[in-house]
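The values are calculated or read from the model by the stated rules, or taken from the named source; none is laboratory data. Here the structure is a predicted model, which means the values were calculated and not measured. Here the Cβ positions follow ideal geometry from the backbone for every residue, glycine too, while neighbour counts run over all protein chains shown. Accessible surface areas use protein heavy atoms only, side chains included; no ligands, DNA or RNA. Shrake-Rupley method; radii C 1.70, N 1.55, O 1.52, S 1.80 Å.
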Amino acid sequence: MKYVLFLSLLFSLQLHAQEVYTGRILSAKDSTALQGVSIYFDGTSLGTVSNSKGFFKIQNSASNISPLIFRSIGYKTRTVSNISVFKDENYPIVFLEESMDELGTVILETDPWSRKRKLNYFRREFLGNTKASLKCKILNEDAIKLKYSPSKNELIAYAEEPILIKNNHLGYFIEYELIDFTIKFSIGSSGLNLIEYTFYEGSSFYKELKEQPRKRHLKNREEAFEGSLLQFMRSLAKKELAKDGFKIFYERFQVPEYKYFDIQQEHQFTKVVMTKDSISILHKNNQSGLVYKSPFYIDEFGNFTPTRAFNISGVMGQARMSLCLPLNYAL
């Protein structure tokens, strides 16, 4: 079975109980204030920039798993998972280190693939292989470094700046900081390279392409949300799988939606433990597979952690950046 592990550092926020987070950003080298640093909750459209004295203020909900990302040209991007420290009214300080020119991953063997071939694989696996992907464009492809290793039969990609995506299908401009990207190939019976799995993760920030989204964008967003991993996680946590049209199968037979899910409420989050290693998920004739590895936690609106708790395949696993919504969508 071809498993596509779509991992991204995930995110969400609560509808009520808005919290204000504040801080100050300084250079680690000389403690000078850094102006214009981008600060955002990973994967959302919630962001701000630091002022001339390095101060920032941003709002999000109280029960949020999403980390804060701090990014500025010439400095190493910093991720802070414990966002509660920024509830301190004394403006906690974040130090950013200057970035140094670093060599990419070294592969001590000849790369026989052309850049065009590698870039085609990257586009298809990163943006997706759907009609929606035809309306997406990476604006700075030159920033993407690609290497193929014949001995490992792997294609890796990295970038020293955020990948800029114009998504004309959903109406978003996305800044994606790529942390890891690997395509693992296997050799088929015909001798051709077949994709065994794709793994990628990173942090992202969403902006509207238009101040007022067009009707077709809103319609496309609704369609992308239906049956998505985001909707599934929200429904799973709320115990509304059947209401939202999800059916669960085990060994080809339909079972009660929560037969193999042990759902426990822990503080503000929902803990999920599965009693089977794998299940199938059906939503309006679209099938996905979930291979369980370890317990995970979901916040009220679908954010889950840890990201490596399971593998997802099928329709959900193949919904790449062209169909990916910010997880504060429709809240």
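Things to note:
- Residues (in contact with a Lys or Arg (Cβ under 9 Å, 6 or more places away or on another chain) and at pLDDT 90 or above) located in region 76-112: Thr77, Arg78, Tyr91, Pro92, Ile93, Val94, Phe95, Leu96, Glu97, Glu98, Asp111
- Which listed residue, of Gly128, Gly191, Gly171, is modelled with pLDDT of 95 or more and at positive phi: Gly171
- Scanning region 161-189 for residues being open to solvent by 10 Å² or more (accessible area, probe 1.4 Å) and among the hydrophobic types (A, V, I, L, M, F, W, C) gives a total of 5.
- Residues located in region 41-90, provided they are surrounded by 15 or more Cβ atoms within 10 Å (Cβ to Cβ), of a type outside the set (A, V, I, L, M) and over 22 Å from Leu325 (Cα atoms): Ser50, Asn51, Gly54, Phe56, Ser72, Tyr75, Thr77, Arg78, Phe86
This table checks each residue for (1) touching a residue at least 60 places away in the same chain (Cβ under 8 Å); (2) under 17 Å from Asn286 (Cβ atoms).
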| site | (1), (2) |
| --- | --- |
| Glu201 | yes, no |
| Phe205 | yes, no |
| Lys215 | no, no |
| Asn220 | yes, yes |
| Leu230 | yes, yes |
| Gln254 | no, yes |
| Glu266 | no, no |
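- All told, Tyr158 falls short of being of a type outside the set (Lys, Arg), more than 30 Å from Gly47 (Cβ to Cβ), open to solvent by 40 Å² or more (accessible area, probe 1.4 Å) and in contact (Cβ under 8 Å) with a residue 40 or more places away in the chain.
- Strands (runs of 3 or more DSSP E) wholly inside region 239-313 that include at least 1 residues being over 26 Å from Asn328 (Cβ atoms) and open to solvent by 10 Å² or more (accessible area, probe 1.4 Å): 246-250, 253-255, 261-266, 269-274, 278-283, 286-292
- Residue in region 4-14 that is at pLDDT 90 or above and either farther than 19 Å from Asp299 by Cβ or surrounded by 14 or more Cβ atoms within 10 Å (Cβ to Cβ) (or both) present: no
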